[in-house]
Amino acid sequence: MSAPGDRQRPPSVDALARSLAASGLPHPILVDIARGAIDADDVESATGRAEAFRRTLLTPVVNATGVLLHTNLGRAPLRHQQAATAQTVEFDLATGTRGSRQRAVGQLLARLCGAEAAMVVNNNAAAVLLVLAALAEGRDVPVSRGESVEIGGSFRVPDVMEQSGARLVDVGTTNRTRLDDYRRALDKPGVDAAIVLKVHPSNYRVEGFVEETTVRELATLAVPVVADIGSGLIDSNCPWLPGPPPPWLAGEPAALQTLGDGAALVTFSGDKLFGGPQAGIIAGRADLVERCQRHPLARALRPGGLVLAALQETALTYLDKRAVTDIAFWAMVAAPLAALRERAEALAAAVAESHPSAGATAMESLPGAGSAPGITMPSYGVTIDGDLLASLRRHDPAVIARSRDDRTMLDLRSVAPSDDAVVVDALTSASPVS
Ligand SMILES: *Cc1c(COP(=O)(O)O)cnc(C)c1O
C-alpha cells in the first residue's frame with residue numbers, strides 16, 4: 001500500500017480537458033467533464049464520461065424497430081435542407097409589404113385537403129387547443145364519452161378542453177354514442193354549444209358492442225363539427241401510391257373525406273401519416289380558420305420559418321405526386337415485401353460469420369404514432385440469437401432494434417436501404433450483453 005503522499009498528482013483540469021479533444025465536444029463542456037472526473041478522484045473515467053455526454057446529444061440513428069413513425073425517434077423521418085438566407089416568411093413579394101405567415105403553406109394544405117383555408121401551428125395538440133379557445137371559449141363542447149381520450153401520455157381531451165376555456169359536455173357512453181345523444185346534449189336547457197368535437201381515438205380500439213356517430217351524421221346538427229383526425233392522412237384513396245390503399249389504413253380518417261362529409265374543420269399532426277415536420281394543421285371553413293388566426297394564442301403557437309419551409313416542401317411533394325419516393329414514410333410503406341426479403345437475406349448472409357444464427361424472417365411492422373392501433377403490415381427482417389440491443393446502441397450511428405425471447409429482431413421496413421451497410425457493420429461488431 002502506498003502512502004497518500006506517494007500518489008501521483010492529478011492532471012490539471014485544463015490538461016485533462018484538452019486530452020479529450022478527440023471526442024469533438026466543445027472545450028467548455030470538456031472542462032466540466034474533466035472537473036467531474038477529477039472531483040470523483042477517477043481521472044480514468046474522463047474519456048467514458050465524454051463519450052456518455054456525447055451520446056446524450058441529438059444524434060441520427062438507424063430505426064430497425066419496424067415502428068415506422070416512432071415517437072421516441074422523431075416520428076416521420078424528414079430530409080430538409082435550408083440555406084442561411086432570408087425568406088418570405090411574412091413578406092408579400094407582390095406588394096412589398098408585410099404578408100401572412102400562414103399564406104404560403106396554408107393555400108397548399110387547403111388545396112390538398114379540399115378545404116377553403118388552412119393554417120399551421122406547432123403540433124396537433126396546439127391545433128386542438130387553439131380551435132377550442134378561438135371558437136368555444138366560455139361555451140360548451142359536446143364530446144362522446146368514447147372519444148374523451150388520452151393520446152401519447154400528455155394529450156388528454158378533458159385537460160386540453162379545460163386549458164382552452166371551453167366546457168366539456170359528455171355525450172353518450174364509452175362504447176356507444178348515437179346522433180340522438182348529441183341532439184339531447186345540444187337541447188339541454190343551459191347548454192350553449194359552440195361546436196361539436198369529434199376525436200379520433202388514435203391509439204386504441206374498442207371492439208364488440210360499439211357504435212359511434214359519423215361526421216356525416218354529426219354534420220346534420222345545428223353547430224359546426226370539428227374533427228381531430230390526429231394521424232394526418234390526406235386522402236383515404238392514397239392517390240400517391242402505385243396500388244390501392246393498403247388495408248391497414250382502412251380505419252384511419254382522412255382530411256379530404258372528413259371535410260367532404262361535412263366537418264367544418266379538421267385538425268391533424270404534420271409528422272404522423274402526413275410524413276412531414278412536427279406541426280399541427282387546421283383546415284376547413286375560411287371564416288373559422290380566420291377566427292383561429294386572429295386569436296391571441298395563435299401568436300404563441302405559431303411555427304418558425306424552418307418548419308413552414310419543410311411543410312411547404314412536403315405539401316408540394318404530395319401535389320407533384322412524388323410522395324411515394326420523396327416522403328420517407330410513404331417510401332417505407334410502399335417497399336415491396338419481396339425487396340425487403342431480398343435485403344434481409346443479403347444482410348443475414350453478410351453477418352453469418354460473426355452471427356451463425358442470423359436468418360431472414362417474416363415480421364410485422366407497425367405504422368406507429370398511435371395510427372391504426374393493433375394493425376400491422378407484413379415485413380421482412382433479420383433475427384439473431386441473443387440480445388444484442390445494448391451493443392447495437394453503442395455503434396456509431398446507433399442501431400435501434402427489438403428483442404423477444406432472447407433473440408434480436410431487426411425489421412428492415414423502417415430502415416432506409418442505404419443504411420443496410422450500417423446495420424451490417426453494427427451487427428458484425430455486436431455481441432450479447434448480459
Ligand atoms: C397524435 C394525436 C394528437 C396529438 O398530436 P401532436 O402532433 O403529437 O401534438 C392529438 N389528437 C389525435 C387524435 C392524435 O392522434
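Taking the stated definitions as given, is Leu16 open to solvent by less than 60 Å² (accessible area, probe 1.4 Å), within 16 Å of the ligand (Cβ to nearest atom) and assigned to a helix (DSSP H, G or I)?
Values: open to solvent by less than 60 Å² (accessible area, probe 1.4 Å): yes; within 16 Å of the ligand (Cβ to nearest atom): no; assigned to a helix (DSSP H, G or I): yes.
Taking the combined requirement at face value, the residue does not satisfy it.
Does the stretch 305-317 hold any residues that are more than 18 Å from the chain's Cα centre (by Cα) and in contact (Cβ under 8 Å) with a residue 40 or more places away in the chain, and which are they?
Pass one, the stretch 305-317, residues more than 18 Å from the chain's Cα centre (by Cα): 305, 316-317.
Gly305, Leu316, listed by residue number.
Name the residues in the stretch 139-176 that are closer than 19 Å to Pro373 by Cβ and either crowded, with 18+ Cβ neighbours inside 10 Å or touching a residue at least 60 places away in the same chain (Cβ under 8 Å) (or both), would you?
If we filter the stretch 139-176 for residues that are closer than 19 Å to Pro373 by Cβ, which is where we start, we get 144-157, 174-175.
Once the filter is applied, which keeps residues that are closer than 19 Å to Pro373 by Cβ and either crowded, with 18+ Cβ neighbours inside 10 Å or touching a residue at least 60 places away in the same chain (Cβ under 8 Å) (or both), the stretch 139-176 yields Ser144, Gly146, Glu147, Ser148, Val149, Ile151, Gly152, Phe155, Val157.
If I ask for residues that are within 30 Å of Leu366 (Cβ to Cβ) and among the aliphatic types (A, V, I, L, M), which ones from the stretch 21-76 would you list?
Result: Leu57, Leu58, Val61, Val62, Ala64, Val67, Leu68, Leu69, Leu73, Ala76.
For the stretch 110-130, enumerate the residues that are under 20 Å from Gly305 (Cα atoms) and away from the ligand (no atom under 15 Å from the Cβ).
Matches in the stretch 110-130: Ala110, Ala117, Ala118.
Considering only the stretch 390-402, how many residues are open to solvent by less than 40 Å² (accessible area, probe 1.4 Å), part of a loop (DSSP other than H, G, I, E, B) and touching a strand residue (DSSP E or B) at 6+ places or on another chain (Cβ under 8 Å)?
Matching residues across the stretch 390-402 total 2.
If you scan the stretch 220-273, which residues turn out to be on the phi > 0 side of the Ramachandran plot and more than 16 Å from the ligand (Cβ to nearest atom)?
So in the stretch 220-273, the residues on the phi > 0 side of the Ramachandran plot come out as 230, 232, 238, 262.
Cys238, Gly262, listed by residue number.
Taking the stated definitions as given, is Ala133 modelled with pLDDT of 95 or more and within 16 Å of the ligand (Cβ to nearest atom)?
Values: modelled with pLDDT of 95 or more: yes; within 16 Å of the ligand (Cβ to nearest atom): yes.
In short, yes.
When only residues in the stretch 352-389 that are open to solvent by less than 40 Å² (accessible area, probe 1.4 Å) and within 16 Å of the ligand (Cβ to nearest atom) count, which is farthest from Pro77 (Cα to Cα)?
Pro373
Criterion first (open to solvent by 30 Å² or more (accessible area, probe 1.4 Å) and not basic (Lys, Arg)) does Val433 satisfy it? Outline the logic, then answer.
On the way: open to solvent by 30 Å² or more (accessible area, probe 1.4 Å): yes; not basic (Lys, Arg): yes.
Here the answer is yes, as Val433 does meet what is asked.
Considering only strands (runs of 3 or more DSSP E) fully contained in the stretch 193-289, which possess at least 1 residues that are open to solvent by 20 Å² or more (accessible area, probe 1.4 Å)? Before you say what the answer is, go through the steps one by one.
Numbers: elements: 196-199, 225-230, 265-269, 280-284.
In the stretch 193-289, 196-199 are the strands (runs of 3 or more DSSP E) which contain 1 or more residues that are open to solvent by 20 Å² or more (accessible area, probe 1.4 Å).
Would you confirm whether or not the stretch 68-77 contains a residue that is assigned to a strand (DSSP E or B), open to solvent by 10 Å² or more (accessible area, probe 1.4 Å) and within 16 Å of the ligand (Cβ to nearest atom)? Don't jump to the end; show me each part of the working.
Of the residues in the stretch 68-77, the ones assigned to a strand (DSSP E or B) are 68-70, 75.
Now narrow it down to the ones that are open to solvent by 10 Å² or more (accessible area, probe 1.4 Å): 70, 75.
Those still in the list that are within 16 Å of the ligand (Cβ to nearest atom) too: 70, 75.
Yes, the stretch 68-77 contains at least one residue that is assigned to a strand (DSSP E or B), open to solvent by 10 Å² or more (accessible area, probe 1.4 Å) and within 16 Å of the ligand (Cβ to nearest atom).
Would you check which residues across the stretch 198-219 are away from the ligand (no atom under 16 Å from the Cβ) and in contact with a helix residue (DSSP H, G or I) (Cβ under 6 Å, 6 or more places away or on another chain) and list them?
Thr213, Glu217
Every residue, every condition in (1) in contact (Cβ under 8 Å) with a residue 40 or more places away in the chain; (2) out of contact with any strand residue (DSSP E or B) (no Cβ under 7 Å at 6 or more places or on another chain); (3) of a type in the set (A, V, I, L, M, F, W, C), yes or no:
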site	(1), (2), (3)
Val215	yes, no, yes
Ser231	yes, no, no
Pro253	yes, no, no
Thr258	yes, no, no
Ala264	yes, no, yes
Gly275	yes, yes, no
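Each row is one residue, and each column tells you yes or no for (1) under 24 Å from Pro201 (Cβ atoms); (2) more than 20 Å from the chain's Cα centre (by Cα); (3) at pLDDT 95 or above.
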{"site": "Ala84", "(1), (2), (3)": "no, yes, no"}
{"site": "Val89", "(1), (2), (3)": "no, yes, yes"}
{"site": "Leu93", "(1), (2), (3)": "no, yes, yes"}
{"site": "Gly96", "(1), (2), (3)": "no, yes, yes"}
{"site": "Ser148", "(1), (2), (3)": "yes, yes, no"}
{"site": "Ile151", "(1), (2), (3)": "yes, no, no"}
{"site": "Val157", "(1), (2), (3)": "yes, no, no"}
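Residues Pro432, Pro378: which one is farther than 25 Å from Asp271 by Cα and either at pLDDT below 95 or not charged (D, E, K, R) (or both)? Don't jump to the end; show me each part of the working.
On the way: Pro378 fails: farther than 25 Å from Asp271 by Cα.
The match here is Pro432.
Show the residue pairs meeting these rules: Cβ distance below 6 Å; 6+ apart or different chains; first residue within the stretch 357-376 and within 21 Å of Pro277 (Cβ to Cβ); second residue in a loop (DSSP other than H, G, I, E, B) and within 15 Å of the ligand (Cβ to nearest atom).
As it stands, the answer is Ala369/Lys272; Gly370/Ser202; Gly370/Asn203; Ser371/Ser231; Ser371/Lys272; Ser371/Leu273, since those pairs meet every condition given.
Pick from Thr325, Thr314: which is of a type in the set (Ser, Thr, Tyr) and open to solvent by 20 Å² or more (accessible area, probe 1.4 Å)?
Working: Thr314 fails: open to solvent by 20 Å² or more (accessible area, probe 1.4 Å).
Matching residue, one of Thr325, Thr314: Thr325.
Looking only at the stretch 92-145, how many residues end up being over 28 Å from Trp240 (Cβ atoms), basic (Lys, Arg) and outside any strand (DSSP E or B)?
Selection size over the stretch 92-145: 2.
Go through the stretch 277-296 residue by residue and tally those that are away from the ligand (no atom under 12 Å from the Cβ) and out of contact with any strand residue (DSSP E or B) (no Cβ under 8 Å at 6 or more places or on another chain).
5
Among the residues that make up the stretch 328-351, is at least one of them free of Cβ contacts under 8 Å to residues at least 12 places away in the same chain, within 16 Å of the ligand (Cβ to nearest atom) and either within 22 Å of Ala83 (Cβ to Cβ) or out of contact with any Asp or Glu (no Cβ under 7 Å at 6 or more places or on another chain) (or both)?
No, the conditions are met nowhere in the stretch 328-351.
The values are calculated or read from the model by the stated rules, or taken from the named source; none is laboratory data. Predicted, not measured: the structure shown is a model, and the values here were computed from it. Reconstructed Cβ throughout: ideal geometry from the backbone, glycine too, with neighbour counts over all protein chains shown. Heads up: the accessible areas ignore ligands, DNA and RNA and are worked out on the full protein's heavy atoms, side chains in. Shrake-Rupley method; radii C 1.70, N 1.55, O 1.52, S 1.80 Å.
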